[in-house]
Amino acid sequence: MITDREIKNSAKLSLQGHWKVCAAVAAVTLYTVPLIAFSAENLTYLFRGWDTLIYGIQSLLAFFLSAAFSLGTARLFIEVIFRRDAEFETFFSAFENILKATVLSFLMTLFVTLWSLLFVIPGIIAFYRYRMAFYIMAESPGISPMGALKISKKMTEGKKWHLFVFDLSFIGWFILSALTGGLAGLYVMPYYNASLTGLYRELKIEYIDRRACGSAGSQL
């Protein structure tokens with residue numbers, strides 16, 4: 001596998017000519033859910049006594065949108081990294097599979113939460129175990145949510161610490177994004193997502209190679 005530095009440098013090169021589209025997608029993902037929360041807060045002042053219903057609708061809408069955004073982001077950056085192309089429509093095409101994306105997001109949240117009940121560390125391990133599930137579904141829309149989770153589990157075998165350290169290397173960028181109210185995120189999120197997609201590509205290559213070696217070994 002190539003180094004993380006090489007993955008990040010390659011991500012920057014892949015983003016050349018596509019920054020505007022990727023920054024626009026980052027804006028959608030960063031600000032839509034907070035905007036919904038802000039709107040729900042205002043509605044509770046207008047419709048007093050309906051707080052539970054309003055917040056319930058807000059939570060469901062935010063969950064559905066977050067799932068679709070995760071799948072859409074995976075689709076977009078697969079195009080950027082694999083094919084050096086980026087179309088805004090690619091991001092929104094994820095809404096065609098919003099139900100499967102929502103089920104996948106629900107299962108990921110459920111499994112991570114259940115493992116977290118044991119202790120924090122098992123929860124973190126579970127999070128990285130299923131880290132590549134949305135990318136897998138993005139490349140194979142016909143796959144079931146459980147199928148995507150199972151492949152992600154196999155793909156990340158022995159790689160979860162690497163994924164954790166990889167995310168940790170962006171912590172300064174994430175703090176900067178938070179301090180600027182998400183404005184820096186218009187640069188940070190495309191850079192991070194492109195880099196993570198590059199890492200996914202490397203994990204996918206290794207996974208395919210392992211399966212090929214296993215199949216060859218079983219035939220000997």
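The values are calculated or read from the model by the stated rules, or taken from the named source; none is laboratory data. It should be emphasised that the depicted structure is a prediction, and the values quoted were computed from it without experimental measurement. Don't worry about glycine lacking a Cβ; one is built from the backbone with ideal geometry, like all the others, and counts go over all protein chains shown. Only protein heavy atoms, including side chains, enter the accessible area calculation; ligands, DNA and RNA are left aside. Shrake-Rupley method; radii C 1.70, N 1.55, O 1.52, S 1.80 Å.
Just a few scattered comments:
- Label-to-label distance, Ile205 versus Glu96, with points set 7 angstrom from Cα along the beta-carbon direction: 2.9 nm.
- Dipole axis of the chain (+1 Lys, Arg; -1 Asp, Glu on Cβ), positive-most option in Leu99, Tyr192, Leu163: Leu163
- Over the stretch 93-204, the ratio between the Cα radius of gyration and 2.2 N^0.38 Å evaluates to 1.12.
- Per-residue [θ]222 nm for the chain (sum of -39500 (n - 2.57) over DSSP H runs n ≥ 4, rounded to 500): -27000 deg cm²/dmol
- For the stretch 46-95 versus the stretch 188-202, the gap between their alpha-carbon centres in whole angstrom: 18
- The stretch 71-220, accessible surface, carbon-and-sulfur percent (1.4 angstrom probe): 68
- Coordinate range of the alpha-carbon atoms in the stretch 1-113 per principal axis, descending: 56, 32, 27 Å.
- Over the chain, accessible surface divided per residue gives 54 Å², non-protein components excluded, 1.4 Å probe.
- FRET efficiency, 1/(1 + (r/R0)^6) with R0 22 Å, evaluated for Ala62 and Leu114 via beta carbons: 0.50
- Here the stretch 56-204 is treated with +1 on each Lys and Arg Cβ and -1 on each Asp and Glu Cβ, and its dipole about the Cα centre works out to around 500 debye.
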